[in-house]
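K.L.:
One structure follows; several queries about it will come next.
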Amino acid sequence: MANSSVFRQRRNLFLSHLGSYAAIIPAAELVTHHADCEYPFRQNSDFWYLTGFDEPNAVALFLPHKPNGEKYVLFVLPKDSAAEVWTGFRWGTKGVLDNFDADISHPLNELPNLLPHYLEGAEGIAFRVGKHSHLEPLVLKTWSEHLQKLPRSGFSPLSMIAPCPILHDMRLRKDDFEIERMRIASKISAEAHELVREFARPGMNERDLQAQIEKYFLEKGTRGPAYGSIVASGDNACVLHYTANNATIRSGDLVLIDAGCSLDDYYNGDITRTFPINGKFSGEQKALYEITLIAQKAAIKCVRSGNNAENVHMTALQHLVEGLVDIGLLVGNVDSIIEQEAYSHLYMHRTGHWLGLDVHDVGAYRLGDYHLNLEPGMILTVEPGIYISDRLPVPKGQPQIDERWKGIGIRIEDDVLVTSDSVEVLSKNASKNLIDLEN
Ligand code: GLY
Ligand code: MN
Ligand code: MN
């Protein structure tokens, strides 16, 4: 896959969008976990998207101002048997020429000497400042030296742009290859949710469920969880980013599981399901679950070309608030409640986000006042929820909450693809209808 036409096509498109700007796209670096132990390596998604190269510290240059054969340059860690004994195989400079389609490759330590040459002739530099602390001083120094010589050389890159609008616009619109990978990521993630619901019993620890899910992800050959799996029973489900996953699940609890896998090429699933551990919703749990499900299904219906993520959010919100008014947890006119955000102690997050190589994927949602239209190939999550606890104050004019509702947290999250005529729910194999969750 590394030298596949997929990556080449992306590079060619990126080069064409750059005009005469030279782009500098760094790989990720290893991140310290503690002391001298590092987290498993996770490639930078922009770098991966353009190169398919999965080693740390590399730097890719995209040089549209240079002749063919010099447009794509990779600086990589060189072969080094002593280092490879400790940290594993490296492709090295020859390996990346033969396997990753680079026009030219160099060992990383030559970057300071060679960067001035590669930037020569570029109108400007596309580099994201503020994100790459090791590389940034070198980039700025090289640029500054070109500017210093400008009166005599007659040429220097004159401006710096962020490459993200170009790259992230590309990443926002998934091609057929990416869509297929996303189908697989969502399918495996959905299968894990089905398995863990079958497995779950009162008295188990949340971590027992996490272990089942993540075991399945690994058995399927993925990298594992795409993000810290959330397995939250009872009131823990009202903590949006709960990852402690260490409580005993009591009979009568709902269990909220937010988990998805990351494929070997980093495409991610992101699914949430909420179910009763003992196979039977209480009256209050059922009422809230039904409201959430109605809101979620309505929001998914709203996902189509021409609509936007704001429409999807507002649709979910409208249904959530209507339902909460119906059961008396909110009072007043639905539009006023929404306008005054008087629901925000019960629903405090947005209804979804782009999904792809990053779980909260890149791409704009709006340009100024204009909300970006959904288009075929975009993938987003739809994930409304209701969270009832004492953590936030009840807004003025809204009723205090009866104890019987407290400690119920519900979220239902699917991964959906905008298609030319409607929507494809990539995570559809994860059950969410009441009849499938009760026994
Ligand atoms: N799992 C992170 C999210 O749903 O946004
Ligand atoms: Mn999500
Ligand atoms: Mn999620």
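K.L.:
Mind listing whichever residues of the stretch 218-269 are of a type in the set (Asp, Glu) and within 20 Å of Ala190 (Cβ to Cβ)? Before the answer, list the steps.
P.N.:
Taking the stretch 218-269 and keeping what is of a type in the set (Asp, Glu), we get 219, 235, 253, 258, 264-265.
Hits for the stretch 218-269 are Glu219, Asp258, Asp264, Asp265.
K.L.:
Considering every residue within the stretch 280-287, establish whether at least one is more than 10 Å from ligand 1 (Cβ to nearest atom), closer than 24 Å to Asn429 by Cβ, open to solvent by less than 10 Å² (accessible area, probe 1.4 Å) and modelled with pLDDT of 95 or more.
P.N.:
First, the residues of the stretch 280-287 that are more than 10 Å from ligand 1 (Cβ to nearest atom): 280-287.
The next check asks that each one be closer than 24 Å to Asn429 by Cβ; those that pass are 280-281, 285-286.
Cutting the leftovers down to open to solvent by less than 10 Å² (accessible area, probe 1.4 Å) gives us none.
Looking for residues that are more than 10 Å from ligand 1 (Cβ to nearest atom), closer than 24 Å to Asn429 by Cβ, open to solvent by less than 10 Å² (accessible area, probe 1.4 Å) and modelled with pLDDT of 95 or more, one finds none in the stretch 280-287, hence no.
K.L.:
Go through the stretch 153-177 and count every residue that is more than 17 Å from Leu18 (Cβ to Cβ) and surrounded by fewer than 20 Cβ atoms within 10 Å (Cβ to Cβ).
P.N.:
The number of residues fulfilling the criteria is 7.
K.L.:
Using beta carbons and a limit of 7 Å, which pairs, at least six apart or on different chains, have the first residue in the stretch 29-52 and of a type in the set (Val, Ile, Thr) and the second one assigned to a loop (DSSP other than H, G, I, E, B) and open to solvent by 80 Å² or more (accessible area, probe 1.4 Å)?
P.N.:
Partner pairs satisfying both residue conditions: Val31/Tyr39.
K.L.:
Would you check if Asp253 is within 23 Å of Met348 (Cβ to Cβ), within 16 Å of ligand 1 (Cβ to nearest atom) and of a type in the set (D, E, K, R)? Even if it seems obvious, please write down each step before you answer.
P.N.:
Values: within 23 Å of Met348 (Cβ to Cβ): yes; within 16 Å of ligand 1 (Cβ to nearest atom): no; of a type in the set (D, E, K, R): yes.
Judged against the criteria, Asp253 is not a match.
K.L.:
Look through Leu346, Leu367 and report the one residue that is in contact (Cβ under 8 Å) with a residue 40 or more places away in the chain and not β-branched (Val, Ile, Thr). Break it down stepwise before answering.
P.N.:
Details: Leu367 fails: in contact (Cβ under 8 Å) with a residue 40 or more places away in the chain.
Result: Leu346 is the single residue among Leu346, Leu367 that is in contact (Cβ under 8 Å) with a residue 40 or more places away in the chain and not β-branched (Val, Ile, Thr).
K.L.:
Looking at Ala200, Ala185, Ala247, Ala237, which is the one that is closer than 29 Å to Gly283 by Cβ and within 16 Å of ligand 2 (Cβ to nearest atom)?
P.N.:
On the way: Ala200 fails: within 16 Å of ligand 2 (Cβ to nearest atom); Ala185 fails: closer than 29 Å to Gly283 by Cβ; Ala247 fails: within 16 Å of ligand 2 (Cβ to nearest atom).
Just one listed residue meets the conditions, Ala237.
K.L.:
Taking the condition of being under 29 Å from the mean Cα position of the chain (by Cα) and in a loop (DSSP other than H, G, I, E, B), how many residues in the stretch 320-341 meet it?
P.N.:
So the answer is 1.
K.L.:
Only one of Thr272, Thr248 is within 16 Å of ligand 1 (Cβ to nearest atom) and either crowded, with 24+ Cβ neighbours inside 10 Å or of a type outside the set (Asp, Glu) (or both); which?
P.N.:
Details: Thr248 fails: within 16 Å of ligand 1 (Cβ to nearest atom).
When all the criteria are applied, what remains is Thr272.
K.L.:
Of (1) within 30 Å of Asp326 (Cβ to Cβ); (2) assigned to a helix (DSSP H, G or I); (3) more than 15 Å from ligand 3 (Cβ to nearest atom), Glu194 satisfies all except one. Which?
P.N.:
For Glu194, the exception is condition (1).
K.L.:
May I pose another question? Hand me the list of helices (runs of 4 or more DSSP H) wholly inside the stretch 44-152 holding 1 or more residues that are surrounded by 20 or more Cβ atoms within 10 Å (Cβ to Cβ) and either within 27 Å of the chain's Cα centre (by Cα) or at pLDDT 95 or above (or both).
P.N.:
Working: elements: 45-51, 81-87, 92-99, 111-119.
Because the criterion is at least 1 residues that are surrounded by 20 or more Cβ atoms within 10 Å (Cβ to Cβ) and either within 27 Å of the chain's Cα centre (by Cα) or at pLDDT 95 or above (or both), the helices (runs of 4 or more DSSP H) in the stretch 44-152 that meet it are 45-51, 92-99, 111-119.
K.L.:
What single numbered condition from (1) part of a loop (DSSP other than H, G, I, E, B); (2) within 28 Å of Lys432 (Cα to Cα) fails to hold for Ile213?
P.N.:
That leaves (1) as the condition not met.
K.L.:
Go through the stretch 303-319 residue by residue and tally those that are more than 26 Å from Glu194 (Cβ to Cβ) and not in a helix (DSSP H, G or I).
P.N.:
Summing the residues that are more than 26 Å from Glu194 (Cβ to Cβ) and not in a helix (DSSP H, G or I) in the stretch 303-319 gives 5.
K.L.:
Here is a further query. Tally time: how many residues in the stretch 258-294 are within 16 Å of ligand 2 (Cβ to nearest atom) and under 15 Å from Pro202 (Cα atoms)?
P.N.:
1
Conditions (1) within 15 Å of ligand 2 (Cβ to nearest atom); (2) of a type outside the set (Asp, Glu), marked per residue:
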site: Gln340; (1), (2): no, yes
site: Ile412; (1), (2): yes, yes
site: Val416; (1), (2): yes, yes
site: Asp436; (1), (2): no, no
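K.L.:
Go over the candidates Gly352, Gly356 one by one and state the one that is within 16 Å of ligand 3 (Cβ to nearest atom), open to solvent by 20 Å² or more (accessible area, probe 1.4 Å) and part of a loop (DSSP other than H, G, I, E, B). Break it down stepwise before answering.
P.N.:
Numbers: Gly356 fails: open to solvent by 20 Å² or more (accessible area, probe 1.4 Å).
Being within 16 Å of ligand 3 (Cβ to nearest atom), open to solvent by 20 Å² or more (accessible area, probe 1.4 Å) and part of a loop (DSSP other than H, G, I, E, B) holds for just one of Gly352, Gly356, which is Gly352.
K.L.:
So, one more: Would you mind stating whether Ser229 is within 16 Å of ligand 2 (Cβ to nearest atom) and without any contact (Cβ under 8 Å) to a residue 60 or more places away in the chain? Outline the logic, then answer.
P.N.:
Working: within 16 Å of ligand 2 (Cβ to nearest atom): yes; without any contact (Cβ under 8 Å) to a residue 60 or more places away in the chain: yes.
Criteria met by Ser229.
The values are calculated or read from the model by the stated rules, or taken from the named source; none is laboratory data. Just so you know, these numbers come straight off a predicted model, no measurement behind them. Cβ coordinates were reconstructed from backbone atoms using ideal geometry, including for glycine residues, and neighbour counts include every protein chain displayed. The accessibility values were calculated without ligands, DNA or RNA, using every heavy atom of the protein model including side chains. Shrake-Rupley method; radii C 1.70, N 1.55, O 1.52, S 1.80 Å.
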